[in-house]
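Report on the structure given below.
The values are calculated or read from the model by the stated rules, or taken from the named source; none is laboratory data. Just so we're clear, the structure is a prediction, and the values are computed from it rather than from any experiment. For neighbour counting, all protein chains shown are included, and Cβ atoms are generated from backbone atoms with ideal geometry for every residue, glycine included. Note: areas computed on protein heavy atoms with side chains; ligands, DNA, RNA excluded. Shrake-Rupley method; radii C 1.70, N 1.55, O 1.52, S 1.80 Å.
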Amino acid sequence: MSEYINPYHEEASSIMHKTGLALACVLAAAYFVTVPVANAQAGDAMTARGKMLYQNRGCSICHSVGHGGVSPDLAGIEQRRSKEWIYRWLKETDVMLATDSTAIALAKQYNGARMPKQRLSDDDISAILTYIRALEAYKTK
């Protein structure tokens, strides 16, 4: 007894295979587009949080980003100071003003101006630095 071979079976199988490959490609492309968008949105949220903290904590009263002020300009802060120094400064301003030669010199340079203790978490500081980087990028465009 000869076996019946459906000529459409092979064609349908080929179409399903091609459809499966196309779907896999679409899903892969969607992933590689979505991840940067999600990262950008997370960055936007971090920037917005940093802006809120910068404004609500009164940073802009004394500091600027790129055009001087009564206290150190924050443009380029991450190039001038280490991450550890910045975080410590924002968490232990009073201790650093008593022990850190750079902090002492800055206070002297700015006529004894003393930054009030801010009580910031590491996440708060990261958000503020993200906002400062965004301002720097905007001003260089």
- request: Evaluate the following for Lys51: is it surrounded by 15 or more Cβ atoms within 10 Å (Cβ to Cβ), under 18 Å from the mean Cα position of the chain (by Cα), among the charged types (D, E, K, R) and at pLDDT 90 or above?
  value: yes
- prompt: Which residues, taken from region 74-116, are at positive phi and either in contact with a Gly (Cβ under 8 Å, 6 or more places away or on another chain) or open to solvent by 70 Å² or more (accessible area, probe 1.4 Å) (or both)?
  reply: Asn111
statement: If we ask which residues in region 103-118 are in contact (Cβ under 8 Å) with a residue 12 or more places away in the chain and under 13 Å from Thr93 (Cα atoms), their number turns out to be 8
- request: Please enumerate the residues belonging to region 58-73 that are without any contact (Cβ under 8 Å) to a residue 60 or more places away in the chain and open to solvent by 30 Å² or more (accessible area, probe 1.4 Å).
  value: Ser60, Ile61, Cys62, His63, His67, Gly68, Gly69, Val70, Pro72, Asp73
statement: Among helices (runs of 4 or more DSSP H) entirely inside region 75-141, those with 3 or more residues being within 16 Å of Cys59 (Cβ to Cβ) are 83-91, 122-139
message: Criterion first (exposed (fewer than 15 other Cβ atoms within 10 Å of the Cβ), modelled with pLDDT under 95 and touching a Leu at 6+ places or on another chain (Cβ under 7 Å)) does Arg119 satisfy it?
response: no
